[in-house]
Amino acid sequence: MSSVIGTGIEQRAAGELPRADRPAVYAIHENPDWFGPFAAAFAREGVPVVEWLLVGGSLDLTEPPPDGVFWSRFSASSHTRGHLGSKDQTRSVLSWLEAAGRRTVNGRAVLEFEVSKVAQLSALRAAGIDTPVTTAVFGTDALVPAARRFAAARPGQPFLIKHNQGGKGLGVQRFDSVAELEVHVASAAFEEPVDGVTLLQEYVPSADGSITRLEFVAGELVYAIRADTVIGGFQLCPADACAIGPDGAPIAPPGALRAPAPGEQVFSLREDVTGLPVEAIRRFLAGAGIEIAGVELIRTADGRVVVYDVNTNTNYNPVVEAVAPASGPGAIARYLGQLLAAVTPKPGRA
C-alpha cells in the first residue's frame, strides 16, 4: 500500500497508482471485503480506479486533491468493523474535495442520508412518498416512555425498534407489547445505537413475505430485486460478505421465521415493478443529489407501498447479477468512467 502525498489515506490499486496527469476514479470506503465486484467491473470497462480506505491517517488541508472523480461508498455499519472514526473522516475528506471543486458522487450532503434514517424518512415524506410511522428517541432512558405513547396511539399493533445509523439490520427488533420492549432494554441483548438515536417504527407486514429493492444508477433503474423476509429476516444486505460470519459459517439473520432450505435464496430478480413508485423515487433521488442507491420498500396487504430505507453504498447480489438484464457494478463503472472522461484533459490541450 502507498500513501497519497499529504493525506495519509490508505489506498489500493491494481498495478501502479495513477500519475498526476492521469486522473482516476477514487472509491472512498472502509470495507475492502465489499469491493471485489466493483474492482472487476472497472477492469472490464477499462476505467482506472483507486480505493481510498478511510480507516485513520491524516489530511493536509493545504494539499490539493488529485484530479479525478471521487465516489463515496461509506457504509453506516462501519463502526461494526471497528471503524468508528470513519464517518467523520469521510465527512472531512468529502468537504476537502468539494471545496477544491472536485467532482464527487454521493458526496458530502448524501453522506448524511447514509448515516441517518431520520434524514432519509423526513426527506421521503416531504417528497410525498409513504414511509413507516416513526418516532426518533434520543437516549435509552426515553425509549420505553416513548414506546408507551407510540403503542397507545396504535393499540394491539406490533412495532419495531431500529438504529438511526443502521445497515445490516442493526438493532432491528419486533415487539408485540411495551412490556416486551421494557424487558429487552433491561437485558444484555439490547444494542445501544452508535449515535444514541433509536427509532420506534410501525411494523409494516408485507403482502407476500418479501421486500423490494430498486437499484438506481445515474437516475436510471438498473433492476429490482425481491428479498424474502421469511428466511432473510431484517438483515437484507445483498452482498455475500453480509451472509457469512468471521468463522466462515452462515449468519442467522434476526427476524427470520425459518431457516432456508438447501439451495433456497433470499434474493431473486423481480421483473415486474408495476404499481411501484419508481418515478417518484427517481425524482426524490435527483432532488437529494443521490446518484447511486438501492431503495427498499414494502407492498402491504392493505395496498400501501411503503419506502423504508435508502442505501447509498449499495451492494449487489451475485445470484441476481447472474440473471439480471444489466449489471449494477457494470452500470456504476460505466457511469463513473463517463464522468472521468468529462474531467480528464484531452491530449494537446491545456
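Every number in this text was worked out from the coordinates using simple rules, so none of it is lab data. Quantities reported herein were computed from a predicted structural model and do not represent experimental measurements. With ideal geometry, Cβ positions are generated from the backbone for all residues, glycine too; neighbour counts draw on all protein chains shown.
Computed quantities for the displayed model
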{"read-out": "Net lengthening on full extension, Y203/A186 (0.36 nm per residue, minus Cα-Cα)", "value": "3.9 nm"}
{"read-out": "Ordering of 194-201, 139-146 by packing [mean C-beta count within 10 Å, highest first]", "value": "194-201, 139-146"}
{"read-out": "Förster radius 22 Å - calculated FRET efficiency between R148 and R125 (Cβ-Cβ, nearest 0.05)", "value": "0.40"}
{"read-out": "Karplus-derived 3J(HN,Hα), 6.51/-1.76/1.60, for each residue of region 154-162, Hz, glycine and proline x", "value": "9, x, x, 9, x, 8, 10, 10, 7"}
{"read-out": "23 Å Cα-Cα reach of K162 towards lysines, excluding residues that sit fewer than 8 places from it in its own chain", "value": "K87, K117"}
{"read-out": "Cα-based convex hull volume of region 134-202 per residue, rounded to whole Å³", "value": "75"}
{"read-out": "Rough spin-label spacing in nm, given labels placed 7 Å along Cα→Cβ, for D88 and V319", "value": "4.1"}
